[in-house]
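In what follows, a single structure is set out as structure tokens and then discussed.
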Amino acid sequence: MRLSTVFRRLLCQGALVSACSLSLFAQDLATRAWELERKGQAAEAVQLLRQAVTAAPDSANAQRAYAEHLERHRSPETRAAYERLAATLERTGGPTAERAAIQRRLTALDLLAGDRAAATRHLAGFTQVGGTGLSLNAATKPAAAEYIEIPGPLRGFARMAALSPDLAADEILPSLARNVVTNGYRAYASNDALEQTEYLSLVLRYLSQARELEKLAGPDKVIRIAQCDTAETGTLLRIIGYRMRGGCGADLVLETINAPRAFLTTDSGFPLGELELALRTNRPWEMDFKPARVPLLYTRDYWQPVGKGERPDFIDFFVSDPSLARLYIGVAKLDPDTAELLRKAMPSPRFKLFAHVLDFFGSMFRIRDGKAIVPGGARSEKAWADLNGVSPEKGVEFFQRLLAQDDGWLASYYDALSRIQGPVLDYLTEPQRLNRYYDAIRGKVTTPGPARPVFRSNTDMLLLTTRLRMDPDGKPHLPGGIDTWKHLFADPPDGAKTDNKIKKDSVNWKEPDQVMEALFGMSRKLAENEHLKIFMALTDLDRHRTQPLTPQVMEALARNYYELNAQFALLDESPDLSGQSILKFIDTALRVQKIRNQTRRADVAGSLQGLLGLWQIFVRQGTVPREQADSAFASIVSAFDQVENERELFDAGRTGVLALLKASKSDVKASYQERMLDLLAGTAAPSGSAAYQQLVQELIRVFEAQRLVSLDTLFQLADNLEGVSKGQALNTQLAGRLANRMSEINLPQGDLTRAEKNSGAFGYWTEKHIDDQRKVNLRRDIEKAGNNAKDLAELRGALAPFLRDTLVGFNYMHYAPPGAQILHTNPLFVRSHDFIGLIGRDATWRPTELYGSGWPRNAGGRLLGSLVSLPYALAQAEQNFLVPTREQALIWNDLVPQMMLTAVVPRWWNVSQSQIHWVGLHVAYGETSLAEAALSPSIRANVLAGLEPYLAPRRLKTVEEALLADDVPAARENVMPSELYLLARKLAQADTGSPTAAEIRRLSTEESAAVSDAAISRAFGTPKPTLANSYHQELLNLRTFPTLMGYSSRILAESWESNLIYFAALADQIHASVEDMNVLVPEWTQRTLEQIFASHLEDWPALLRSLRVVGDQVQKQAQSQFNAGTSVGGNAQ
Amino acid sequence: MNRNFWIAAALLVTTAAGIIIAQERPTFRVKVDMVVLSFTVTDNKGKYVNGLKPSDFRIMEDGIPQKLSTFSEGNQPPVEISSDGKVKPIVIDPAKPEATRNDAFLGTNVFVLFDTSNYMYKTFVYASDAIADFIRGLDRADSVAVYTYSRNLSRASSLNKDHNQAIFGLRKAVAGDDSALYNALLLTLRDAAKVAGRKVVIVFSNGPDNASMVAPDDVRAVAEDEGIPIYVISTNEVNNDAVSSNVFKRLSSSTGGKTYFARTWQKQVEAFEAIREDLGNSYTVTYYPQENPNEGFRKIAVELIDKDKKLRVQARPGYRPRSGF
């Protein structure tokens, strides 16, 4: 649909170009193309340039403009276009400087495409025309000192060991080690011994079977079956656990004779079907069974010292020792130069003692020129020496000591500070503070250290150092000011505790440093660190605001943190929300929570939250303008302030709807329902585009699937009932419409057997809610009320539960994840939302949770809690509907919902084509910079320095080694799209030779506001509800986080900021319109997720691979459609 | 905003008369597509009754007699039924199989959904053998797809007339962890619904589900509406898990399929044999429903005209017409 739109434009433009092609040469082609691009007509710009090249085959100007345009859009045709330009310049005797520049560009593009032969040729051309300073390195990547062998094909082993077949060779053993540590053993509480899990047991059994097969394969390691009836056939079948049934010939069938062996055969992907077919047809069959050679870090002797007896195979030894495996992970994460120095200093038995600390906190260790690199640099070296007892000057000893110091606390401090930069780093590494805060973290008792569990536990310190904000005076930002924190520590809020010393000292606090010291002290705790959580949440809340919140508001928020913390993300949505509105919200929320009638409480909470959820959506999308945000919010909250009965609830809901429509400047005469759908689709001014229509259609589909009642029906019916109380007749058509709707839904209990009902776990309150709706009979109620005007006036209260569901349903519709199978299949999903929660758990204002998945008796899963984290919960519910395209996939429980959320929450109506192009240009420039870095030591140094703040030392070294080997694709595989963007931001402004950089400068001059860092962050950032307590789109430009205990991997997932950057660059590449991105991004995201095959939680390259697979498919499809379209129009090259 | 364009477009693509059900936004419609109905006829001893003719049946929807378009028995080629009740073979142009889409009614589209979750860990390979045997025994005209599931669905082998491909896919199934049976069944039904002609889904499972978000009865409704019989082979004893057993029975009976409780490999083979017999002995008719104001569940009744009253017809009880644009 989107691509055909591009077509239509192209064809139209083709006619235009033909008509005016004669005058093209007199004009500045590049400028004209640029003007078209600015209008969002990039495809027409290409067409214009193509036409110019066709019309004037000898025009270097036309060819230059065309080639540069293609380069800026990362077109696969770029190299061919530059080749033509180079030939033209040579033929026409073009300036040597330009000829050299073109050859240089071609060399870089060749390297990027992995075409080293062409790069060599073009580099020679570059030198020939006088170019200097570039060379290919021809260095080979450092080979492993030793390789180990794993019996049989790697693919079979990888399947059994849950490793991605796409792993780079040097990642196989580290990934295996990680799986062994996390999945291979389990401990029993009764003793310290570890027992192998079924996972590891299967791996070992597979190895044993593979060795038998290897023996059968003989010296050349090929299993050969000449024909069906041979001894080899019998041996093979015995090893793989099968036997023949029916004898050789057409009736032959292989069937299981030894289930454990047969299981290994099938699970490892042995080609059983092919073998069976060969035997049946009596054809020869063979299978290459050469062992997989896998590189080993260091040498085998280091890991497996030679003893007296015979050494077992390394792979068996490796998986049988979890502490060795853990050390291997830690070493593999180290910068290789540092690792080598540490290896020389520490034999493996000693190193193993600190494997857990190295695994968690070693990845940032770096030794350069014999010195340890420490956070804070030279200024802090003395302080680090004091803390560690060894000077950073003695690099190896420094880290040896750091690993052993305080059970890992100092290493964890080093790690947290190594991951940050800028003013926060300067502040925290000021020598005195460095000491002071470490004392707080370390405490008096260091055991247990922070590296004890499988996932790191002291997450809070990492979050604190990452999210701390500095005020302009160089002091840390204390939300609400120091007095607020004095009060909060002296008189802790509900659910918070603090130790007596801090409590006592806090009374005399005068400086922010004192608060920070207390917070650092709390970050060492696994529990009871509410103050720290409150601090981070309130800091986040202040971050986006135009005016910081007052101490009074901050204290109110802190005091109600326990009950309302999940709602902070809602309050964060508008930077202009007044303190008064926030206080009113707190008051109303607590009042709602105290409603004793649970049915009414659920209805009130659902209606209010439904409206506030809509407010949040409309504010985010700009359909409620900034200046209206506070008043709309206040109107909604005020309407619910004093709801005493169902009629008042209905009126409050209606008031809220009207407040939202008014704030969004809606036509008062328009249909409420239609207007709401327009706003939900995403814009105040519907464009009528195909993408927009598609979104609206999908909204209606979900609305119908959920059997919701439209706002118009409800409001008309309410007006009619108001009339009834004044003597008018009931509008039977409207009443019938409501009754029909309810007749379409059935309670889930209806068809269940007694056994199912008895074991049922379907929620009482949600079931009652649905049952009550089914019982509504307006005609009967009118008759019952008789002439009692008061009772008649209350009748519209019966509509309140319906209005609640409609409002809640609007939120569900907007956040429907790609596919939305549940919303299309379970007609009670919206109605089943449980705002009360299980007995003893007051879920009304808690985060949205998934409940009741699995077991047929549950009548389907449902959501529980408030609506505040609905986008995540819906994505979580939907993730198991993804269909992995690979035979084995690790779908990350936390990563997948976050990526789905990232595809759904951000909409593209307020993003401009120029912004898309800006990102595309930077990604293109970043890629070219990587290629140039392979050609020049000085560029390489700049590029590596540009990447250093974002890449861990080990990954940076991998990139460097790839560049030194001229393997630019391998380097690119290790630089994430968001990192490429940041690299280009750093380098492009100063580059005067690149046409891409020139366009970046032009855009930054002509559209400075649209392409400012803040605007780009808003347009292409990702929502970070856990990491930043906010659904704001934002690029935080952090290093990707490690797996964190407690917060699980949600934070890790939220630190991944590459998806929208990648998709924007892809859109720029294929000339997709920005409006179409509203439809394309969810679709691309789903395809990306279905492609993921990762071996562990931090396998980011696997994610990038999936993005690239989808990107390549999209790009090829676009190219073929583009070419077909131009052919139809007669404009083919 | 003006949505007239979309309304017009919706009218153009709707194959039959639509009925407006959303009052404020007249774009959402009930679509009435051709109904494909498969059923078996058995005598009082449970033996299949073959050789019946179209004129032997009367199909009713909510009591409204329907006019049959095509009729076929087992895997025999379908015949077209003209307005006067006469039958004639459907001529299929091999050069334009898409144009004569009734070729889709040659054979059955069989979707096998295989539980590879932890619940099947111990019996995984035997189950695989039993399914392979079943696929080998299918009629050449049948197409078969093999899907596996644990937490997610996996399309091990997409719908194909080459049964070897299905077996290759089956033989490479990977054991998984959690079981999301009803999610997977829903996705399988959605795939099956896109295929023209007669189709069945065969679920091979141990029963429990610990990861689905959709309820079995919502999935059942989809199968009813799409006219896809669900056969279930449970590797559990009927009494071991009463809840799952009841669900299985309900799923199959209301879609025109059957449930078999087959704990042993031998029983599983027998169950597959029974399903194959069911497919080979069933009748399939198609019709375009007569005008019917019922937008909800439409009851289907298959009546035998002038036949022994003791014959038993097993068919799905009805369906809901589709909603859409």
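Each value in this text was obtained by applying a stated rule to the coordinates, not by laboratory testing. All values reported here derive from a predicted model rather than from experimental measurement. All Cβ positions, even for glycine, are placed from backbone atoms using ideal geometry, and neighbour counts span all protein chains on display.
Brief remarks follow.
- All lysines inside 19 Å of B:Lys86 as judged from Cα atoms, apart from same-chain residues fewer than 8 positions distant: B:Lys53, B:Lys67
- Pairwise inverse Cα distances across region A:203-313, averaged and inverted, put the Kirkwood hydrodynamic radius at 15.6 Å.
- Full extension of the chain between A:Lys768 and A:Asn435 yields a length gain of 113.9 nm, computed as 0.36 nm times the residue separation minus the alpha carbon distance.
- For chain A, the relative contact order is 12 percent, taking Cα pairs closer than 8 Å that sit 6 or more residues apart in sequence and dividing their mean separation by the residue count.
- Label-point separation, A:Lys594 to B:Glu291 (7 Å along Cα→Cβ), nm: 6.2
- Pairs of Cα atoms in region A:632-685 fall into 5 Å distance bins, from 0 up to the last occupied one, in shares of 4, 20, 26, 20, 16, 10, 3, 0 percent.
- Straight-distance crosslink candidates among lysines, where the alpha carbon sits under 17 Å from A:Lys497 and sequence neighbours closer than 8 are dropped: A:Lys486, A:Lys525, A:Lys533
- Region A:511-619, relative contact order [Cα under 8 Å, separation at least 6], %: 21
- Centre separation in Å (Cα based) which lies between region A:969-995 and region B:219-278: 58
- FRET E, pair A:Lys784, A:Arg886, Förster distance 51 Å, beta-carbon r, rounded to 0.05: 0.25
- Estimated 222 nm signal from helices in the protein assembly as shown, with DSSP H stretches of n ≥ 4 weighted -39500 (n - 2.57), rounded to 500: -15500 deg cm²/dmol
- Across region A:146-296, the relative contact order, built from alpha-carbon pairs under 8 Å that are at least six residues apart, equals 36 percent.
- Sites A:Arg205 and A:Glu146, calculated FRET efficiency, Cβ-Cβ separation with R0 30 Å, nearest 0.05: 0.70
- If the segment from A:Asp316 to A:Arg350 were pulled out straight at 0.36 nm per residue, it would be longer than the present Cα-Cα gap by 10.1 nm.
- Stretch in chain A that is longest and holds no GluC sites (Glu not before Pro) that DSSP places in a loop and that have at most 15 other beta carbons within 10 Å: A:745-1133
- From largest to smallest, the equivalent ellipsoid semi-axes obtained for region A:458-550 from the alpha-carbon gyration tensor read 20, 16, 12 Å.
- Residues of region A:54-97 falling in the label zone of A:Asp115, defined by backbone nitrogen less than 11 Å from a point 7 Å along Cα to beta-carbon, are A:76-84.
- Calculated diffusion of the protein assembly as shown, Stokes-Einstein form, Kirkwood radius summed over Cα pairs, 20 °C and 1.002 mPa s, µm²/s: 60
- Counts of other chain beta carbons within 10 angstrom of each beta carbon in peptide A:363-369 average 0.
- Among beta bridges that DSSP assigns inside the protein assembly as shown, antiparallel share in %, nearest 5: 75
- In the structure shown, the pairs A:Lys290/B:Lys122; A:Lys344/A:Lys394; B:Lys122/B:Lys258 are assessed against 18 Å; a Cα-Cα span above that value is assigned to A:Lys290/B:Lys122; B:Lys122/B:Lys258.
- In this simple spin-label approximation, A:Ala124 and B:Lys161 carry label points 7 Å from Cα along the Cα→Cβ vector, and these lie 5.5 nm apart.
- Value of Rg to Rh for region B:107-280 (Rh from inverse mean 1/r over Cα pairs, i.e. Kirkwood): 0.91
- Annotation: Cα Rg of region A:851-964 relative to the compact-globule expectation 2.2 N^0.38 Å equals 1.61.
- Each part reduced to its alpha carbon centroid, region A:620-696 and region A:328-355 end up 60 Å apart.
- Per-pair calculated FRET efficiency, R0 = 22 Å: A:Asn137 and A:Arg91 via Cβ, rounded to 0.05: 0.10
- Note on A:Leu194 and A:Ser1004: their simple-model spin labels are 5.0 nm apart, each label 7 Å out from Cα toward Cβ.
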